[in-house]
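Have a look at the structure below before the remarks.
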């Protein structure tokens, strides 16, 4: 291995066997294309990248059945850096080699006018089991029209782990008919944190 | 008729509270895959889980 310093009037480039590694100038250090700074474990520290990252939203209104935990259909993908979100299963799966701490967020908007929505729950499933959930409990007072639930959490995920969002509505017999509604308001997104 | 309605027809004594995921003992789930709802959990202390024939 031959390390070479190639200074100019304004910058110095460090090469390995004739290939640029990085350049230092008055503004800082610029890594050459494809070059990284890694820790002892081989994790890439620079350049930073909060990926995998994904964002998907409801494609069209989805009617929910009363007292039934129902998977939300996020079949409108906005971006997906690692092709890790499957719109056919509405599932995000951690790609191989991409385990770590993930920030996951979801928001559900419930719309249309049933008169007695007493309880609305959003579940974040990890590997087909409840990982986190949030809910609005209106007790016996009910809620007639729109309602919404938001959830943000950090999860330590391994390659192959998969995440899904489920919704639940509970009310009297007329609770059926509530919908997940409005694409921009019913979303599922996340990204791996830089660690 | 939804799965919930079929179960209520079999066991009229059940209420929506029994299906509440926070406090109930029965969980119905629909994976939105076209196969319909199914009983994910049945932990009711006295009532037996309905058979497929009873729910058909």
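The values are calculated or read from the model by the stated rules, or taken from the named source; none is laboratory data. Keep in mind that what you see is a predicted model, and the values were worked out from it rather than measured. Cβ atoms come from the backbone with ideal geometry, glycine included; neighbour counts cover every protein chain shown.
Here are the numbers:
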{"item": "Positions within region B:2-56 being within 13 Å of chain A (Cβ to nearest Cβ), touching a residue at least 40 places away in the same chain (Cβ under 8 Å) and more than 23 Å from residue A:164 (Cβ to Cβ), in sequence order", "result": "B:6, B:7"}
{"item": "Complete set of residues in region A:60-74 that are at the interface with chain B (Cβ under 10 Å from one of its Cβ atoms) and part of a loop (DSSP other than H, G, I, E, B)", "result": "A:64, A:65, A:66, A:67, A:68, A:72, A:73"}
{"item": "Complete set of residues in region B:19-37 that are within 21 Å of residue A:137 (Cα to Cα) and either in contact with a helix residue (DSSP H, G or I) (Cβ under 9 Å, 6 or more places away or on another chain) or part of a loop (DSSP other than H, G, I, E, B) (or both)", "result": "B:19, B:20, B:21, B:22, B:23, B:24, B:25, B:26, B:27, B:28"}
{"item": "Elements of type strands (runs of 3 or more DSSP E) in region A:124-195, at least 2 residues being surrounded by fewer than 17 Cβ atoms within 10 Å (Cβ to Cβ) and modelled with pLDDT of 90 or more", "result": "A:129-137, A:147-157"}
